[in-house]
1. Could you list, in sequence order, all residues of the stretch 115-133 that are in a loop (DSSP other than H, G, I, E, B) and touching a Lys or Arg at 6+ places or on another chain (Cβ under 7 Å)?
2. Return only the number of the condition from (1) under 26 Å from C20 (Cβ atoms); (2) at pLDDT 95 or above; (3) not polar (S, T, N, Q) that D111 does not satisfy.
3. Which one of L158, L151 is among the hydrophobic types (A, V, I, L, M, F, W, C) and more than 17 Å from the chain's Cα centre (by Cα)?
4. Among E198, E172, which is the only one that is more than 14 Å from the chain's Cα centre (by Cα) and more than 30 Å from D255 (Cα to Cα)?
5. Among the candidates M204, M241, which residue alone is part of a helix (DSSP H, G or I), under 19 Å from E172 (Cα atoms), touching a residue at least 60 places away in the same chain (Cβ under 8 Å) and of a type in the set (A, V, I, L, M, F, W, C)?
6. Inspect all residues belonging to the stretch 156-172 and state whether any of them is at pLDDT 95 or above, of a type in the set (S, T, N, Q) and surrounded by fewer than 21 Cβ atoms within 10 Å (Cβ to Cβ).
7. Out of the stretch 36-71, which residues are of a type outside the set (A, V, I, L, M, F, W, C), more than 26 Å from H217 (Cβ to Cβ) and modelled with pLDDT of 95 or more?
8. Within the stretch 296-306, is even one residue among the charged types (D, E, K, R), in contact with an Asp or Glu (Cβ under 7 Å, 6 or more places away or on another chain) and either closer than 24 Å to V105 by Cβ or crowded, with 17+ Cβ neighbours inside 10 Å (or both)?
Amino acid sequence: MAEYTSKLEQLLEEGEFVVCSEMGPPIGADPEFIREKCDDLKGYVDAVNITDNQTAIIRMSSIAAAKIAMEEGLEMIIQVTGRDRNRIGIQSDLLGASALGLRNVLCLTGDHQCFGNDEDAKNVFDLDSVSIIKACQQMTEEGKLINGNELKTEPPELYYGGAHNPFADPFEMHMMKLEKKIEAGMKFIQTQCIYNLEKFDYWMEEVRKRGLHEKCHIMAGILPTRSVKALKMMKKFVAGMDVPDYTIERMEAADDKKAEGVQMAVDIINHVKEIEGVRGVHLMPVAWEEITPVVVEKANLYPRPEV
């Protein structure tokens, strides 16, 4: 079996505090859209997620967009969701991604299509996030498909992770889901974006009690915001988000909302950096990729390590 270590895997295994970011593909087929976004991220992050039709809105495919960005010199993490493809399509995509040199995978169940603008579309959900992680594990480490058939050529070389929401209820049920993902072979976690640090601290305490931080690399989600409206929208309409009132009040009191949004992100990064078991941060600057270098520099996370 061929061996490959992605840059993301190397950094996490070597104990570096990792910085990841996120990029949304265009609602269109222009590759220059991707290339222009790459300019904001080069040298400032260790890896970049390419979303997979996030919020169930049609965009350029994650694999195609990631290949374009990889050619621009970025370490990429493709996203694979269970919403739109069955196990045949998902395993085919994973084999194809590896063949293209895309090694890092974030395995997600996916947003229901009711969140998008194609409500008549039929969902699939043949596999959930746990099952997709297990498929990655079987193909990569055992050379087998889900149905038990052995691969006829080299197995894929994948470094696969998943997501988790520390703020979701019921708490114990979601902790059980996290443990199932780790048991299935998940290598890293990217969390829901953090505003409520008290609750995140409690979640990390529970993670450490269970020893999960020693079995999986945890990256804390950070979403820089630039307006009061954005915070209120997330608090009211985004499922699983926990935006405390004091966060909104802090933004309301600021004269420069964008600068305050950056400082809030930096303050959260500085807090989570000190938590035992947190191995990095995942920046999610929705449609604001150009702020990434500013946040990274202000948080003293620049320059990034070489591997």
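The values are calculated or read from the model by the stated rules, or taken from the named source; none is laboratory data. Please read all numbers here as calculations on a predicted model, not as lab measurements. Heads up, the Cβs are rebuilt from the backbone with ideal geometry, glycines too, and the neighbour counts pull from every protein chain shown.
1. Scanning the stretch 115-133 gives N123, V124, F125, D126, L127.
2. If we test D111 against (1) under 26 Å from C20 (Cβ atoms); (2) at pLDDT 95 or above; (3) not polar (S, T, N, Q), just (2) comes out false.
3. Going through L158, L151 in turn, the sole match is L151.
4. On the way: E198 fails: more than 30 Å from D255 (Cα to Cα).
None of the others qualify; the one that does is E172.
5. M204
6. The answer is yes; a qualifying residue exists.
7. Matches in the stretch 36-71: R59, S61, E71.
8. yes
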